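Student: Starting off with a structure, shown below.
The values are calculated or read from the model by the stated rules, or taken from the named source; none is laboratory data. Because the structure is a prediction, the values reported are computed rather than measured. Reconstructed Cβ throughout: ideal geometry from the backbone, glycine too, with neighbour counts over all protein chains shown.
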Amino acid sequence: RLVTPDELATRNGVDDPSLWLAIVGRVFDVTRGGGARHYARGMPYAGFVGRDGTRAFATGRFDEDGLVPDVDGLSDDEILGVRRWLEFYEGGSEERDAYREIGVLAGGHYYDANGVETRRKLAFDAAANR
């Protein structure tokens, strides 16, 4: 399923009760499974919802400058850290089992408007699989 940036932005727990986040352009619903205690407004990771904040998964910068999709300049270890977070959302923990993948962020950093991987996505995959 293709998710537009505008649709993702509304899934922030305020405009809509759903809590969606994107990592490397893949959109996940983190509403269930205790997600609210991490991602709801006022919680530690609330900044991740409604956007692709891929860079912050590596840097821990949860401000507007850090919650961005761009990973340019990150070290190999930081890229691997992002990949591990992506794997967490894909599956592998009891809490994660309640999260579900919605689709890809179309027209974003990693997928074009048709849901085709961009050069940035291909570069991320290459770096994450070194």
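Student: Any idea which residue in the range 6-29 is surrounded by the most Cβ atoms within 10 Å (Cβ to Cβ), counting only those that are of a type in the set (Asp, Glu) and outside any strand (DSSP E or B)?
Tutor: GLU7
Student: Here are some residues: ARG41, ARG55, ARG37, ARG32. Which one is in a helix (DSSP H, G or I) and modelled with pLDDT under 95?
Tutor: ARG37
Student: I'd like to check something: does the range 110-122 contain any residue that is modelled with pLDDT of 95 or more, loosely packed, with under 12 Cβ neighbours inside 10 Å, in a helix (DSSP H, G or I) and not aromatic (Phe, Trp, Tyr)?
Tutor: Yes, some residue in the range 110-122 is modelled with pLDDT of 95 or more, loosely packed, with under 12 Cβ neighbours inside 10 Å, in a helix (DSSP H, G or I) and not aromatic (Phe, Trp, Tyr).
Student: Which one of these is more than 15 Å from PRO5 (Cα to Cα) and aliphatic (A, V, I, L, M): ALA46, ALA106?
Tutor: Exactly one residue qualifies, and that residue is ALA46.
Student: Further question on the same structure: Given GLY103, GLY35, GLY50, which one is buried (at least 21 other Cβ atoms within 10 Å of the Cβ), touching a residue at least 60 places away in the same chain (Cβ under 8 Å) and either touching an Asp or Glu at 6+ places or on another chain (Cβ under 6 Å) or small (Gly, Ala, Ser) (or both)?
Tutor: Going through GLY103, GLY35, GLY50 in turn, the sole match is GLY35.
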